[in-house]
Each structure stands twice: as C-alpha cells, then as structure tokens.
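Please read the structure below before turning to the comments.
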Amino acid sequence: MAKKGIVEQIRERQSSGFGDRVNLFIAESSYRVASIVPVRYRWIVPQLIERVSLPLPEFSDVKGEIIANLTGEELEEETAETAKVIPIKPLYPAYRCLRNNPLHCEWPEKTLAENPDSPICLQCSFPALLKPESRILGIRGTYQVESFFRSRHLGRLYRGIDLSDRTPVMIKEYLLPKRYFNRDETRIRQTNFINLTGFDLADGRKQDERLITVQDAIAPRGEQRCYLVTKGNTDSFPTLARYLEETGPLTPPQVRQVLLQVLQTLEFLHGQKYRFPNGIIREGLTHGNLTLESLLIGPTLQGFYIYLCDAALWENLFYPPAAELPLLSVQKDLEDLGRVAFYLLVGRSLDPETNQPLNPTFEEHWPPVHKALKDYILSLVGFSPVRFENAGIARQALLNLPPLETAIIVEKPEEEEPEVQKKRRNQRWWLILFGVLGVSLLALLIWYLIRRAYQMQAIEQPPICCINQVLGEIPPETYTFTGERAGIWTHIWTQRNLIAKDQSFAEIVDQEMNPDAVTNIEETADAAASDSEGEMPPPETYNFNYRPAPSATEAIARIRNFEAEFAVSSLFKGLGVDLWYERFAYDAIAVYVSFSYAERQNSLPQYLNGEISLTDVRRLYTGEISNWQELGGPDLAVKLYAPDDQEALELFKQRVLQTPEAIEKFEALLREPTGIISVNPNITQLSTFGTLNAVIRDFEDEQIGAIAFGSLSQVFGQCSVYPLALKEGLGNAIFPLLQQENQPITPDTDLCNKKGSYFPNVEAIRSHKYPLSYTLAVVYPRDNRRQPAGLTFIELLKTTQGQKLLSEAGLIPIRDISEEDMTFEE
C-alpha cells in the first residue's frame, strides 16, 4: 500500500510538472504574439486566446508518446474516426476536459461503463456520474438513481424513483468541484441552496404556474454535490433547443403561443409573494436564466405547454467564484425571452459560420416574418423605442397583435446611412483581424498537436452486434406488445418466408434470444397473427408475445391500460407526456398502376411518363377524375383501390388528401358499395396482396386502368405493378425505386426479368424527400415502475443483426449495414 501511494505521488508530480511546462510555453507564446500587436489593440489578445485555447492532455495520456520520442520508437496510430465536435461553452477549465466542459462530455459516461466505482472521470478527474442504484437521503424521502439521462446547464439529470411509493422522479445533480470551491465556499453555497429552492406562494395557495415544482432539495454534508428532486417526468421534457434540432424553426403562431405562455408565468412570478424554506417572504421573483435550454416543451392534445426550469436563484450558486454574473431584473427576463423568440423563428441560436449568437439587429439574420411580430420581439429585446415595463404589459401588447396566420409581410430594409455602412465595414475588418490573430496562435500549438491529433479524437462506440447481447436489462419472461392488426408491422413480424424459408421474423428473434430453449414457436406465431390465446413458452425464456389491436389508437390505449408493454406503429405523433417513442426503420407508401411493357397499347406507366403529382392523386381519390384521358393518359376508365391497412390510410389522408373536405369525399367513396365504374367511382378496399392481383387483372381482362396505394415494402419486388414517381408542388418527381448507379426506373424497365437490379430509393426515403415516406417506431411508457421491455426491444432492433433482418424483410433500416456487418457469431 505504501509503495502504491509513492507511485501515485510520483505520477501526480510528473503530471503537474508536465502541465506547468506546457502552460509556461503557452504563456510565453501569447506574450510574444501580444508584443507585435499595437498597444491600443492588445486588449483583444486575452479574449482571443480564451476563444482559441485547446484542452491539454493529462500526463498519463502522453506518457507513452514521450517515452517513444526519447527512445526513438514509433507509436501505432489509432484509426478511430473523427467525432463530430459540437460547440460547447467552456466551463471548469482547471479540469483538462476534451470538450472544455466536463458536464457536456462523453467521458463521464465512458468512465461509468468501464469503472462504475471510480469517483472521478478517468480522463480529467472531474467528479464522476452517479452509478445506478445509488441512494440519496432527502428531507422528504429517499431516492434511488436509475440511470443517467442527460446534462442540462450547470447540472446532470438522472431518472430515479421515490422509494417510499416507487413513483418516478427526476434528480438534478449540481457539483461544487474542489478545484473551484473550498470547504467554506461549499458549505455556504449548500446552505443557500437549501434556503432558496422549493419556494411556495406566501398565502399557501397551490397554482399551476408552469414552473418545474421542486419536491426535495438535498445538500449532503461532506459531499461536493447538491441534488434537486422533482416529481414525475416533467423535468425530462425536451428543451426548446433540442426541439429545434428535431423539428426546425417554429411558425409565427407557435412562437406567439410560446411567448404568451412564458409571459403568463413571468407575470405571475414577478408579481406574487413567495415564502422560502427558511421562512423569509419575498415579493416578486425573477427567473434570470431564460434560454432555449431552460424552457421545456411538453406536448398536449391541444398543442403544447412551456415549462420554466433552472432559475438563476439557485443555478448561479454553482458558477465558479470568479465568474461574472449579470444582474437579475424584470427587464432582463423580458430581453432574454425576446431573444428566445427570435431564435425560435430562425431555428437556431448560433451563426453557423462564426459560432456566435445570432443578432436580432442584423436584418440578414431574420427569416420572413410578419412585421408586427418582428417589431414586438425587438421591443422585448430592447432594440426599439417602445419598451415594456413588465410582463403584464408585454402580454397585453402580444394579445393586441393582428392575426399572424395572414400573409407574411416582409419588411423592406431601409437605406442605411453612410455612417452605418462605414461601421459595418469596420466590423468586418475587426473580424478579419481576429481571424488572423487566431490562426497565428493556433500555429504555435501545431507542433505539439499534430502528433496527438488521432489520439485526441473521441472514440465512437461500435453498434451492438447481435440480438442476444441486449437482454440484460429485463428478466427472462413473456412480454406482450401490440400494433395494428392490418398494419405493416404485423406483416413484417408474422409473415413467413420474408427473410428465411418457412420462418417469420418473430421465430428468428425467438431463436436468437433463446438459443438453448425448446419452445413451441409455431403456436406462438399463429396466436399472435390471430389475436387468440396461444401456449406461452416456459417462464425461464425470453418471449415477445405480439397481440395486435384493431387500430393504432387501440394499440396505444393498451399500453396505458397495462395490457401491453409497448407498441410498434408509424402513427406516434401527439402521444402525450406519459409515452415516448424511438425510431428503428423506414418505409413508404407507393402509388402504383398495372405494369405493362412499353410496346403494349394503353400502357399507363408509358402515358404518364412513370410519374404522377400528389394533386392528381388527390383528384383521383376524391372522385374528380373518372377517365385517364383527363390526365393525358389512354382512354381507360379509372378504378380505385385502397389497402385495408389503417396506418396506410391515415398516412394517405395526412399527406395526400390533407383537407377535411377531401378526406370527407374519400371516406364517402370508401363507404359506398362497389359496382359499375361511373363518373363518381367507388374505392375497393382489399389487402395489399389482393390489390396487386386485382390491378393487373383489371387491365388484362377488363381494359380498366386501376390505381392503388400500399406499403412499398410489400409492393417492392412484385412485378405485376409499376410504382409511380411522386411529384409534390413545383419540385421534381421522386422515384421510389432506383436501378444500378442510382438511376431511376423507367416505363421501359422490365421489372419482372430484371429483379435484383433495382432497389428502394433509400436516401430519398430516409430524408423524407420522397413525399410519402414514413418512420416505424416503438412506443413505450415513461414509467420506471414498469419493466423497460420497450427500450430493450428497440435496442434489439437497432443491433446490426436486427437492422439486417429488417432490411431483408423489406424495410429500410435507420443505418447502413456494411459487408463486415453481415457476418455474425454463431
């Protein structure tokens, strides 16, 4: 033990000495660069150095390279691919974090995976993540950490449970690292944390202010941590920053709704009396930290709610002592909210070229927007003569704005004064000067960093190989899940011969999960397809028992009613706050007509040039067109087919029909009995395979030009029909199928004799450029009291083996499968 202690001391001294020498080199280099800059501009250098500073490695990381340099040996270079570096605001630079911010770095998670008992990060020695099943004793209960969720602002979020009633909670961990906070500072900040969090209305009323409600504030003695516990899962809602990454800019009416809700909360926060845990009563509080990261969005049946979290009242306690913090005021809250609204309209907060915050005073940063809304946001931010004194006045002014659903009015910029133009030119010269100085400083560090370039890259974790490697999170037993009985997943999961002869997807997965078990697979698969009770496997085996529901709505209801652990569906929008989803594959709706050789008379693909617009599809399926001549085609009567797949029908209504009037006409044609083709044709509803036969039979036997739609995964490879390219608006037609070298199929392509030479347009479907592409997802409950069967199933489908099976079944996996991935361990 003594020997180990001495070795550790020597290692720490070596690391410290090496770091001091590197820091000295940087300081001397910075001084030399500063000496050549004119005196009046030297104030720029420290700020520039801070911006371009790079993290230095620990001695343990470069020890092997230093020894190799001294001995003349060469190190083998790593081949890890470069990870995508996302700009992160620097924090705690005393810890040599690869990302300059240990709260937003992947190394704590790697440390937890490699050494769960380590108290510090293996890379930079920052306090490590809490390991699962850690218990935290609070004032109002004892809480158990389930898993790390994500970092947000100055803390780390964990999913957890209240052990008293097993209800879910969110735990936010705040850190007071020793390199920044001594014992006295830690004690003072922990005391203030307990006294400032968890305030209530002074009169005892309970009112929903859309503020994240604190259940417990914990500051354990002797620890460099504080914990904030909130009830339920509201604190896990996505931030507006993450929401923008997923959906892009918000519409003006949506931004108006965000402003209205946040102003309501601020008006309440600024104007009420509050009692703190220590008994002190204060009139009016400010949030002080309104950003895209401190506003959470929760979907509802009517739209969404915006929740405020991470108030500066306690968040600011965890900034390093030397940090300069802005003064808190009502005006600051309004200005911060105005900037948030501006970012929501643009869809981002940073200029992609400079990585600097977008500036609402720059006309080129604004998207086309109603002038009234633009002037209002500029007033909030403070860049207008009209200022709002408080949130109540600002909210009333927002309500008085004209309707934003009207035509967008783009304000024409006024001619700039010569003096303004001169200032803008000067600003550009300053930017050029900053860039030159930054390049100069970086050049001084290249001599050291060039040998370390590959070693400093973050190592991307390889995907999990096989299905049997993801089953450790749940015990071996039967887990019931659901989907739509006539939906695409029922076909993928239960249909035999899609992947292997005489086997279904379900049977293959069952064998992979239970390689040594003997189960009655045929009875289980048949029971799943018929929704009847089947013989269940022994309890010591894993089994996913598929019990399809009549509709997607019923399938979602079964999760909430504890009749199913999760569901597979393509209809997962507007689920509510108690459910979530994860994508695993793509599919598309194909619109197709009968396939016929180009030389055949009345060939529909030839007349249509292999494509059709969504507008014409809408006209066909609302009864406006009864003969193909009306679309420039041959003299053939129109006959309409639709699948009995409710998911496909719902997607068709959303993407093609769109308006209530068109949907009503479509549904009326579905209800009418089929008969003789007339000016107002009826729609025949069959299974997809039944439709494939009917379409070609109508053309061959009756000389009728039938049109149908259905899942591309079922249509692909069936040469009796021709999937048409779809054209949306003024854009080009997008083909669902491509030939070799990414060339689209044409009406001259022999789909029967050239099988294997064409394939789905993967890129267009994944990117949703093909208008009728859609995503398949696993929907599961946000409830820690239930087994995470849904999460395990999605991990199973995302393995390399799972993605390969999905591809062979006809779906498009979410990632490409390389040739090396096609071989699995026996």
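Bear in mind that the values in this text are calculations on the coordinates, not laboratory data. Since the structure is predicted, the reported quantities are computational estimates derived from the model, not experimental observations. Cβ coordinates were reconstructed from backbone atoms using ideal geometry, including for glycine residues, and neighbour counts include every protein chain displayed.
Tabulated results
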{"item": "Tensor-based shape of segment 671-783 (alpha-carbon gyration tensor, a/c under 1.5 rounded, otherwise prolate or oblate)", "result": "oblate"}
{"item": "Net lengthening on full extension, Ser626/Ala557 (0.36 nm per residue, minus Cα-Cα)", "result": "20.8 nm"}
{"item": "Rounded if a/c under 1.5, otherwise prolate or oblate - segment 248-312, Cα gyration tensor axes", "result": "prolate"}
{"item": "FRET E, pair Arg282, Asp351, Förster distance 41 Å, beta-carbon r, rounded to 0.05", "result": "0.60"}
{"item": "Stretchable slack from Asp635 to Glu185, in nm (0.36 nm times residue separation minus alpha-carbon distance)", "result": "153.3 nm"}
{"item": "19 Å tail of the calculated P(r), segment 130-207, as % of Cα pairs", "result": "52 percent"}
{"item": "Extension gain from Arg150 to Ser134, taking 0.36 nm per residue of separation minus the Cα-Cα distance", "result": "4.1 nm"}
{"item": "Computed Kirkwood radius, in angstrom, where 1/r is averaged over Cα pairs of segment 602-659", "result": "12.4 Å"}
{"item": "Peptides 773-784, 472-483, 349-360, 334-345 ordered by average Cβ neighbours within 10 Å, highest first", "result": "334-345, 773-784, 472-483, 349-360"}
{"item": "Summed side-chain charge close to Arg135 - residues other than Arg135 whose Cβ falls under 12 Å, Lys, Arg +1, Asp, Glu -1", "result": "-2"}
{"item": "Packing rank of 163-170, 145-152, where each peptide gets the mean count of other beta carbons within 10 Å, highest leading", "result": "145-152, 163-170"}
{"item": "Inter-site label distance for Ala397 and Asp375 at 7 Å from Cα along Cβ, in nm", "result": "1.1 nm"}
{"item": "Globularity ratio of segment 287-360, using Cα Rg and 2.2 N^0.38 Å", "result": "1.26"}
{"item": "Förster-model FRET efficiency, 25 Å R0, Ile120 and Arg221, C-beta, rounded to 0.05", "result": "0.80"}
{"item": "Entries of Lys501/Lys804; Lys178/Lys332; Lys273/Lys332; Lys172/Lys798; Lys653/Lys769 with Cα pairs more than 25 Å apart", "result": "Lys178/Lys332; Lys172/Lys798"}
{"item": "Prolate/oblate/rounded label for segment 175-241 (Cα gyration tensor, a/c 1.5)", "result": "oblate"}
{"item": "Förster radius 35 Å - calculated FRET efficiency between Lys89 and Asn742 (Cβ-Cβ, nearest 0.05)", "result": "0.25"}
